[in-house]
Amino acid sequence: LEPNATSPNVIGGYSGNYLAADIAGATISGGGRNGYTNSIFADYSAIGGGIGNTIQPSAYYSTIGGGNQNTIQLNAPNSTIGGGYGNTIQPNAFFSTIGGGYINTIQTSAYDSAIGGGSGNTIQTSADDSTIGGGVNNTIQPNASYSTIGGGILNTIQTSATYSTIGGGYINTIQTNASYSTIGGGYINTIQTNAYDSTIGGGSGNKIQTSANDSTIGGGVQNTIQPNAYESVIGGGNQNMIQTGANDSTI
């Protein structure tokens, strides 16, 4: 127990667990071992247990529940890592949360963002207010704010594709500036650059190509809406195509 004029600090667990000088109201409940101490450098923050967990300076009011080698970095106040291994909330990603899992990262200035769990998921720089529910190696790229990936594997929402959603599936991509677009699931479906407000429900190998905005493919296999065929629809089927510039068309 470390009394001070503001609020006492409490250190439990391994004798090497560390609270920085001149902080107040911080708590390490337990855990830690030789070479893997738990450390806090920010006021009113807490580590519940585990080993090698760190809350860095100015990340005040933050919490790491436990786990192994999780880090909340500089100036990321009011952030939380529940547990897991090797998870990181980077500088200025304040009010962000990683529930658990393995080597998930919320990068610099991606504030108000959340990763539920899974492995190798990343919300990149300045993609604020974004969410990855889980899965493996899913990515929301820089400035793709207010976007969501529910789960799946290797799904990507690219740079500045704001307010976009991938529900799940495998290797689905919403490309740069295709804002307000949705891929429900399936396999290797793509909404290309500037095809904003577009939707692919599912299926495999379906593409809404560049600037074919406000278009929809319901499902099926290898269906394509080509560039500038905006406001077009393919309901499903196999290898159907609406060609370049054939806007307002339906199959």
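The values are calculated or read from the model by the stated rules, or taken from the named source; none is laboratory data. Just so we're clear, the structure is a prediction, and the values are computed from it rather than from any experiment. With ideal geometry, Cβ positions are generated from the backbone for all residues, glycine too; neighbour counts draw on all protein chains shown. Remember, those area values only see protein heavy atoms, side chains included, never the ligands or the DNA or RNA. Shrake-Rupley method; radii C 1.70, N 1.55, O 1.52, S 1.80 Å.
Quick rundown of the values:
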| read-out | value |
| --- | --- |
| Residue in segment 34-68 that is farthest from the chain's Cα centre (by Cα), counting only those that are more than 21 Å from Ile103 (Cβ to Cβ) and open to solvent by 50 Å² or more (accessible area, probe 1.4 Å) | Asn34 |
| Cross-chain or 6+ apart pairs with Cβ under 6 Å, segment 191-204 first and within 15 Å of Asn155 (Cα to Cα), then surrounded by fewer than 20 Cβ atoms within 10 Å (Cβ to Cβ) and among the hydrophobic types (A, V, I, L, M, F, W, C) | Gly203/Val221; Ser204/Val221 |
| Residue in segment 104-118 that is assigned to a loop (DSSP other than H, G, I, E, B), surrounded by fewer than 24 Cβ atoms within 10 Å (Cβ to Cβ), without any contact (Cβ under 8 Å) to a residue 24 or more places away in the chain and more than 11 Å from the chain's Cα centre (by Cα) present | yes |
| Flag for Asn240 being farther than 27 Å from Gly120 by Cβ, modelled with pLDDT of 95 or more, surrounded by fewer than 18 Cβ atoms within 10 Å (Cβ to Cβ) and out of contact with any Lys or Arg (no Cβ under 9 Å at 6 or more places or on another chain) | yes |
| Yes/no for Gly218 being without any contact (Cβ under 8 Å) to a residue 40 or more places away in the chain, surrounded by fewer than 16 Cβ atoms within 10 Å (Cβ to Cβ), under 15 Å from Thr199 (Cα atoms) and small (Gly, Ala, Ser) | no |
| In segment 130-153, residue nearest to Asn177 (Cα to Cα) [restricted to those that are open to solvent by 40 Å² or more (accessible area, probe 1.4 Å) and outside any loop (DSSP other than H, G, I, E, B)] | Thr148 |
| Test for Ser160: is it at positive phi, in a loop (DSSP other than H, G, I, E, B) and of a type in the set (Gly, Ala, Ser) | yes |
| Top-ranked residue in segment 69-103 [being among the β-branched types (Val, Ile, Thr) and open to solvent by less than 20 Å² (accessible area, probe 1.4 Å); ranked as nearest to Thr37 (Cα to Cα)] | Ile72 |
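Conditions tested, residue by residue: (1) small (Gly, Ala, Ser); (2) in contact with a His (Cβ under 6 Å, 6 or more places away or on another chain); (3) more than 19 Å from Val136 (Cα to Cα); (4) surrounded by fewer than 19 Cβ atoms within 10 Å (Cβ to Cβ).
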residue: Asn155; (1), (2), (3), (4): no, no, no, no
residue: Thr162; (1), (2), (3), (4): no, no, yes, no
residue: Tyr170; (1), (2), (3), (4): no, no, no, yes
residue: Gly186; (1), (2), (3), (4): yes, no, no, no
residue: Gln192; (1), (2), (3), (4): no, no, yes, no
residue: Asn206; (1), (2), (3), (4): no, no, yes, no
